[in-house]
Amino acid sequence: MTTIESSIRQIDYPQQAVYNMLSDLNNISKVKDKLPEDKIKDLQFDSDSITVSSPMGAVTMVIVDREEPKMIKFETKQSPVPFNFWVQVLPVTPTTSKMKLTIKAELNAFIAGMVKKPLQEGIEKIADALQAIKYE
């Protein structure tokens with residue numbers, strides 16, 4: 001099992017506000033204009049799933065677990081490489097929180113060596129985007 005984690009990010013909004021926004025994927029419509037169009041292609045979503053095109057094909061993730069207000073777990077429904085993805089949100093103060101993203105995938109050593117660095121860079125870019133959202 002290969003585990004890739006983002007750096008821990010400070011979010012200047014309360015834990016519950018961050019959870020509320022991220023646990024309903026329909027909220028992507030509020031931030032869609034901030035997503036890099038050259039990186040996010042053919043984006044489709046509803047409250048529990050998201051699909052995007054990747055260089056290796058379509059990737060669909062569905063929310064399989066919500067632990068309000070601290071965790072949202074995704075699992076791939078369609079992907080060249082099956083993986084799980086967690087968003088963890090913990091309170092720091094009543095008005096701020098911190099977030100960490102984690103990907104776990106079954107990769108053999110050869111594939112892991114090829115994709116670990118791009119996945120690490122990708123998870124940090126996702127964390128950058130989630131850190132920039134206005135959770136209001």
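The values are calculated or read from the model by the stated rules, or taken from the named source; none is laboratory data. Here the structure is a predicted model, which is why all the values come from computation and not from measurement. Positions of Cβ are backbone-derived with ideal geometry, glycine not excepted, and every protein chain shown enters the neighbour counts. We work out accessible area using only protein heavy atoms, side chains counted, and drop any ligands, DNA or RNA first. Shrake-Rupley method; radii C 1.70, N 1.55, O 1.52, S 1.80 Å.
The figures follow:
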| item | result |
| --- | --- |
| Of all accessible heavy-atom area on region 35-101, the percent that carbon and sulfur account for (1.4 Å) | 53 |
| Cα-based convex hull volume of the chain per residue, rounded to whole Å³ | 100 |
| When each of LYS100/LYS125; LYS104/LYS125; LYS77/LYS98 is checked by Cα-Cα distance, pairs over 19 Å | LYS77/LYS98 |
| On Cα atoms only, tilt of 109-132 relative to the major axis of the chain in degrees | 20 |
| Accessible surface, per residue, of the chain when the full set of protein chains is kept, probe 1.4 Å, Å² | 59 |
| Extension reserve of the TRP86-ASP128 stretch, reckoned as 0.36 nm per residue once the Cα distance is removed | 13.6 nm |
| The chain: most fluctuating residue of ALA109, ALA58, ALA17 per GNM, C-alpha cutoff 10 Å | ALA109 |
| GLU121-GLN10 FRET efficiency (beta carbon distance; Förster radius 22 Å; 0.05 resolution) | 0.60 |
